[in-house]
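What follows is a short report on a single structure.
The values are calculated or read from the model by the stated rules, or taken from the named source; none is laboratory data. Quick caveat, the model's predicted, so the values are computed rather than measured. Cβ: placed from backbone, ideal geometry, glycine included. Neighbour counts: every protein chain shown. These area figures cover heavy atoms from the full protein model, side chains too; ligands, DNA and RNA do not enter into them. Shrake-Rupley method; radii C 1.70, N 1.55, O 1.52, S 1.80 Å.
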Amino acid sequence: MGRARAMKAPGEVIVQGTGRGKLLVFGFDANEAAQRRRIRAYLDCGFDVLGFTMRRSNMIHDTVPFWDNVDLGRTRNAAMGQRLGALARAIPILRRHRDRMQGAHAIVARNLDMLILAAAAQRMIRPRPRLIYECLDIHGLMTGDGPASRAARALERRLLARCDAIVISSPAFQRVYFGPVQGWTGETRLVENKLWTGPDGPHRPKPEARPRPRPTVLGWVGTLRCPESLDILARTARAMGPEVEIRLHGIVHRHGLPDFDAVLAATPNMTFHGPYAYPDGLAAIYAACDVVWAQDLWQWGTNSTWLLPNRIYEAGYFGCPSIAVAGTETGRRVADAFGWTVFEPSAEALVALLTDLTPEALGDRRRALLEMPEDTFRQSIAEVGASVS
């Protein structure tokens, strides 16, 4: 399906859909990779997208939206008071754009902050559009025992009563949180956080004919925010020395990894290669890796145990196996066919696995991944369209 383009401001290209309906997308950060991927998918599927997004000032550098966007101001990670003020300041902005919102058939909101604003916008539109709550993570605030967490869950339950559907990226979110904790019995749509390449995206590589020589190259790719993972990888690098090379690619959340530079400086066989173009930069990254670390650990026992990260689909599409921790949702999916699991999140367990993985075993798994159907790893237009219908 084709797309139209229009110029909004000098140097800024706005991509427009081609008639599948008007979609309002409320996002907590216009720079966030998963949010940008999803908006790109909506546009490629032919939706006319009007975004209402904030920007996280302590995250990555500003990037120009490629969609028609209304800026709702800046927020900061780990600054709940400031974020509440930003939400209050956003309501008048919505009112000023009330006319532009008319005719929307659906509103999609990522996370609780945006659901508050999306519910307010829904009241301004006639006829009433569908309200869809999208969840790729369960924030730590929602799983705590304190008064702030109880209040947040109560607010979410109240807003869920306004929703027509929820879209989740992992079945565990419904199984262990939305169902038993929040009492959600409405429509739940599972849209896994797969690779989105668009109709002209990069092709899959050809299987390699022979095993690669040592050292084993282990990648950590994507959003780099987990201090436990950084520690495990660094200790693995030091323990294995020249037998392993660890390559890091992506956006570093410096507020979560304040010692990132110091750790790399002390670990010569662990290197950071910076951000990359999505999706065009992925093929070269995964071609250079034998296997990737896929397990998120920073909210262990809750979100990290329940989620299915985008990196397992990206890696699998390009034929790169993953490593995760057994007993997690990620581990279950990886163990099915995507790679291998370790019995615990520790450097000792990872060293033992990497030591046992021969070049022949790595090559066999790479070939097996490349023989799997593309839609195992790559999102289809039908999946994206159904999620907001």
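Values for this structure:
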item	result
Members of region 323-336 that are more than 16 Å from the chain's Cα centre (by Cα) and open to solvent by less than 10 Å² (accessible area, probe 1.4 Å)	323, 324, 325, 328, 331, 334
The one condition in (1) closer than 30 Å to residue 145 by Cα; (2) part of a helix (DSSP H, G or I); (3) among the polar types (S, T, N, Q) that residue 299 fails to fulfil	(2)
Tally of residues being open to solvent by 40 Å² or more (accessible area, probe 1.4 Å), out of contact with any strand residue (DSSP E or B) (no Cβ under 8 Å at 6 or more places or on another chain) and in a helix (DSSP H, G or I) across region 354-375	9
Looking only at region 158-170, and only at residues there that are in a helix (DSSP H, G or I) and out of contact with any Leu (no Cβ under 6 Å at 6 or more places or on another chain), the one that is surrounded by the most Cβ atoms within 10 Å (Cβ to Cβ)	160
Members of region 6-36 found to be open to solvent by 10 Å² or more (accessible area, probe 1.4 Å), at pLDDT 90 or above and not in a loop (DSSP other than H, G, I, E, B), listed by number	22, 36
Considering residues of region 339-353 that are small (Gly, Ala, Ser) and not in a helix (DSSP H, G or I) only, the residue nearest to the chain's Cα centre (by Cα)	339
First in region 139-168 and within 13 Å of residue 183 (Cβ to Cβ), second anywhere and open to solvent by 60 Å² or more (accessible area, probe 1.4 Å), Cβ under 8 Å, 6 or more apart	153/181; 166/187
Any hit, region 230-237, residues being in contact with a Gly (Cβ under 6 Å, 6 or more places away or on another chain), not in a loop (DSSP other than H, G, I, E, B) and not acidic (Asp, Glu)	no
Filtered residues of region 272-292 (kept if within 17 Å of residue 253 (Cα to Cα) and either in contact with an Asp or Glu (Cβ under 9 Å, 6 or more places away or on another chain) or outside any loop (DSSP other than H, G, I, E, B) (or both))	272
Answer residue from region 64-110, given it is under 18 Å from residue 48 (Cβ atoms) and among the β-branched types (Val, Ile, Thr) and is surrounded by the fewest Cβ atoms within 10 Å (Cβ to Cβ) among those	70
Test for residue 246: is it over 20 Å from residue 300 (Cα atoms) and in contact with a helix residue (DSSP H, G or I) (Cβ under 8 Å, 6 or more places away or on another chain)	yes
Selection status of residue 313, open to solvent by less than 10 Å² (accessible area, probe 1.4 Å) and out of contact with any helix residue (DSSP H, G or I) (no Cβ under 7 Å at 6 or more places or on another chain)	yes
Matching residues, region 212-261, being basic (Lys, Arg) and either modelled with pLDDT of 95 or more or farther than 17 Å from residue 350 by Cβ (or both)	212, 225, 235, 238, 247, 254
Residue that is farthest from residue 222 (Cα to Cα), among those in region 235-262 that are surrounded by 19 or more Cβ atoms within 10 Å (Cβ to Cβ) and among the small types (Gly, Ala, Ser)	237
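Residues are listed down the side, and each one gets a yes or a no for (1) outside any loop (DSSP other than H, G, I, E, B); (2) open to solvent by less than 50 Å² (accessible area, probe 1.4 Å):
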position: 182; (1), (2): no, yes
position: 198; (1), (2): no, yes
position: 202; (1), (2): no, yes
position: 206; (1), (2): no, no
position: 217; (1), (2): yes, yes
position: 221; (1), (2): yes, yes
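Every residue, every condition in (1) open to solvent by 10 Å² or more (accessible area, probe 1.4 Å); (2) over 23 Å from residue 37 (Cβ atoms); (3) in contact with a Lys or Arg (Cβ under 6 Å, 6 or more places away or on another chain), yes or no:
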{"position": "112", "(1), (2), (3)": "yes, no, no"}
{"position": "118", "(1), (2), (3)": "no, no, no"}
{"position": "123", "(1), (2), (3)": "yes, yes, no"}
{"position": "139", "(1), (2), (3)": "yes, no, no"}
{"position": "143", "(1), (2), (3)": "yes, yes, no"}
{"position": "146", "(1), (2), (3)": "yes, yes, no"}
{"position": "156", "(1), (2), (3)": "no, yes, no"}
